[in-house]
Each structure stands twice: as C-alpha cells, then as structure tokens.
1. As a test of reading the structure, rank Arg42, Arg63 by solvent-accessible area (1.4 Å probe, protein chains only), most first.
2. Helix-derived [θ] at 222 nm for the chain: sum -39500 (n - 2.57) over DSSP H runs of at least 4, divide by residue count, nearest 500?
3. Quick one: ranking Asp21, Asp46, Asp33 by accessible area, 1.4 Å probe, largest first, what do you get?
4. Can you give the relative contact order of segment 1-61 as a percent, counting alpha carbon pairs under 8 Å and 6+ residues apart?
5. Within 10 Å of each candidate Cβ there may be at most 15 other Cβ atoms; applying that plus a DSSP loop requirement, which GluC sites (Glu not before Pro) in segment 4-51 survive?
6. Compute the Cα gyration tensor for the chain, then decide on rounded, prolate or oblate, letting a ≥ b ≥ c be the square roots of its eigenvalues: rounded whenever a/c is under 1.5, prolate when a/b is larger than b/c in the other cases, and oblate in all that remain.
7. What is the extension gain from Ala34 to Glu3, computed as 0.36 nm multiplied by their sequence separation minus the C-alpha to C-alpha distance, in nm to one decimal?
8. Using the heavy atoms of the protein chains and a 1.4 angstrom probe, tell me the accessible area per residue for the chain in square angstrom.
Amino acid sequence: MYEIARMAGFLGAHGVWSVSDGETLVPMLGHEDAGGRQGMERLVHDDLGDAAKAGQVALEAGRAG
C-alpha cells in the first residue's frame, strides 16, 4: 500500500510541476510490473479527449504481469 501511495504522490507532483508554467496537463498512466518496477506513460495526443480515452482503454485492458 505504501508503494502505491508513493507512486500516486510522485505522479501528482509531476502533474503539478507540469502545469506550473501554464501548460495543459497531459493524462498520465502509472504502472508497476510483477517485479516491482514502476513506470509512467504520458498519453500525448493531438486532442486531449483522445488522450483521456486512450487512458481509459488502457486501464480497462490492463497489462500483462
């Protein structure tokens, strides 16, 4: 549980830093594999709605491991 909270804090801080200069927040997808390796994927699309939809699809599909 601690690791999930730590990752959420990192992603939240990254989001705040990203918009601190007036940029639009790009949807992000955080993940951790079975071996404990964490990662982040920025969902950059021309349309923000498409980026949000891509994130929803990725969450619903899941990821092996």
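1. The most accessible residue leads, giving Arg63, Arg42.
2. -16500 deg cm²/dmol
3. In descending accessible area the options line up as Asp46, Asp21, Asp33.
4. 23
5. For GluC sites (Glu not before Pro) across segment 4-51 that sit outside H, G, I, E and B with at most 15 neighbouring Cβ atoms in 10 Å, the list reads Glu23.
6. Verdict is oblate for the chain.
7. So the chain would gain 9.8 nm between Ala34 and Glu3.
8. 76
The values are calculated or read from the model by the stated rules, or taken from the named source; none is laboratory data. What you see is a predicted model; the values in this text were computed from it and never measured. Neighbour counts run over all protein chains shown; Cβ positions are idealised from the backbone, glycine included. Surface areas here come from the heavy atoms of the whole protein model, side chains and all, with no ligands, DNA or RNA. Shrake-Rupley method; radii C 1.70, N 1.55, O 1.52, S 1.80 Å.
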